[in-house]
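Here the structure is laid out as structure tokens; the discussion comes afterwards.
The values are calculated or read from the model by the stated rules, or taken from the named source; none is laboratory data. This one's a predicted model, so the numbers in the text were calculated from it and none came from an experiment. With ideal geometry, Cβ positions are generated from the backbone for all residues, glycine too; neighbour counts draw on all protein chains shown.
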Amino acid sequence: MDSVKINTVTGSISPEDLGVTLVHEHMLFGFPGWEGDQTVAPFDRKSIVNNGVSTLKPLKTFGLKSVIDATPSDTGRNVEALKEISEKSEVNIICSTGYYHESEGACAYWKFRASLGDVSGEIYELFLKEISDGIMGTGIKAGVIKVGSSKGRITDYENLMFTAAAMAHKESGVPIITHTQDGTMGPEQAKLLVGMGVDPKRIQIGHMSDNVDLEYHKATMRHGVFTAWDRMGLQGLAGCPMDEERYAAIAELVKQGYVKQLLISHDSVITWLGRPLNIPSAAFPLIANWHPGHLFKNIIPALKQGGVSDEQIKTIIEDNPRRLFTGE
Ligand SMILES: [Zn+2]
């Protein structure tokens with residue numbers, strides 16, 4: 001464990017310096033295609049940085065020390081903006097290499113190359129270079145690998161990304177974090193990665209909070225992986241369960257002995273790239289708590305009310321994120 005170093009956007013840190021960690025957030029995010037709308041909605045680094053700093057800095061009083069930014073390369077990742085946010089907020093940010101799932105990612109380039117021959121080695125080379133040398137000449141190194149799957153299936157394109165991610169993990173030891181769609185494929189993702197030789201203790205299966213069926217969770221955790229309740233606050237929309245149901249499910253899983261496999265975050269987007277979202281005003285009350293402070297202000301008190309102890313909360317928000325990186 002002593003030898004493990006974690007890549008952050010400002011340099012490497014020791015696992016003991018990670019502290020309380022939000023394991024899946026986005027300082028900035030844009031669906032592929034946003035770039036073409038910049039005549040109307042140009043990239044504004046200054047407001048991106050200001051928004052990020054004003055969001056993260058106040059959370060230090062609650063003990064927040066680190067954030068994993070789960071934005072892969074095809075959805076607006078900008079590691080220099082992340083670095084500036086980290087320096088000004090004094091919160092560690094760990095950035096991602098990897099690609100988003102097929103239907104919402106930018107898959108044309110690799111799908112075209114893949115039509116001419118196997119490119120898993122090329123993608124592996126890219127992931128590894130972003131981890132060991134840095135991203136696009138910045139010297140800023142990725143600390144996690146992000147991949148994802150579609151609703152109800154892992155497509156050929158996504159399988160290619162999982163394969164390259166597994167290869168890069170085995171070479172670098174860097175954890176793999178995932179996107180699942182609409183509460184599906186958690187067990188299948190875990191099985192696929194573990195079957196390719198990935199250490200299950202270094203896998204974070206994401207968006208598990210989109211499904212509150214405990215059997216689905218247990219079928220995923222059976223593979224030894226972490227499961228991330230990482231869309232807290234994003235409730236009642238797009239098929240997402242309500243937080244009240246999630247609190248009860250988390251408390252029940254803790255009661256049944258799964259505390260060492262649980263993680264919590266929000267998948268919040270601090271700045272959307274492109275034009276502002278047209279969110280119907282009726283949805284505002286539902287997502288009023290969809291922000292990184294929700295954990296400290298509402299989730300922890302609700303879990304305590306549900307019988308989760310302070311020690312168990314520390315396990316979930318501090319020890320488990322560290323163990324994801326160390327494999328301890
Ligand atoms: Zn996300």
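Values for this structure:
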| item | result |
| --- | --- |
| Boolean, Leu237 is more than 14 Å from the chain's Cα centre (by Cα) and modelled with pLDDT under 95 | yes |
| In the range 137-173, the residues that are β-branched (Val, Ile, Thr) and under 23 Å from Ser268 (Cα atoms) | Ile140, Val144, Ile145, Val147 |
| Residue in the range 231-271 that is surrounded by the fewest Cβ atoms within 10 Å (Cβ to Cβ), counting only those that are among the charged types (D, E, K, R) and more than 13 Å from the ligand (Cβ to nearest atom) | Glu244 |
| Residue check for Thr180: buried (at least 21 other Cβ atoms within 10 Å of the Cβ) and in contact with a helix residue (DSSP H, G or I) (Cβ under 6 Å, 6 or more places away or on another chain) | yes |
| Unmet criterion (only one of (1) assigned to a helix (DSSP H, G or I); (2) closer than 30 Å to Val20 by Cα; (3) of a type in the set (Phe, Trp, Tyr)) for Tyr100 | (1) |
| Total residues in the range 272-294, condition of a type in the set (A, V, I, L, M), within 15 Å of the ligand (Cβ to nearest atom) and in contact with a Gly (Cβ under 6 Å, 6 or more places away or on another chain) | 1 |
| Index of the failed condition, Lys141 passing every other in (1) assigned to a loop (DSSP other than H, G, I, E, B); (2) touching a Phe, Trp or Tyr at 6+ places or on another chain (Cβ under 9 Å); (3) basic (Lys, Arg) | (2) |
| Residues of the range 1-35 satisfying the condition of being within 14 Å of Thr75 (Cβ to Cβ) and either away from the ligand (no atom under 16 Å from the Cβ) or aromatic (Phe, Trp, Tyr) (or both) | Phe29, Phe31, Gly33, Trp34, Glu35 |
| Within the range 38-84, considering residues that are hydroxyl-bearing (Ser, Thr, Tyr) and more than 16 Å from the ligand (Cβ to nearest atom), the one nearest to Phe325 (Cα to Cα) | Ser66 |
| Residue ID - farthest from Asn320 (Cα to Cα), chosen from residues in the range 188-230 that are in contact (Cβ under 8 Å) with a residue 60 or more places away in the chain and either over 19 Å from the mean Cα position of the chain (by Cα) or within 13 Å of the ligand (Cβ to nearest atom) (or both) | His207 |
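Let's see how each residue does on (1) more than 15 Å from Ile205 (Cβ to Cβ); (2) in contact (Cβ under 8 Å) with a residue 40 or more places away in the chain:
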site	(1), (2)
Ile135	yes, yes
Gly139	yes, no
Val144	no, yes
Val147	no, yes
Ile154	no, no
Phe162	no, no
His179	no, yes
Asp182	no, yes
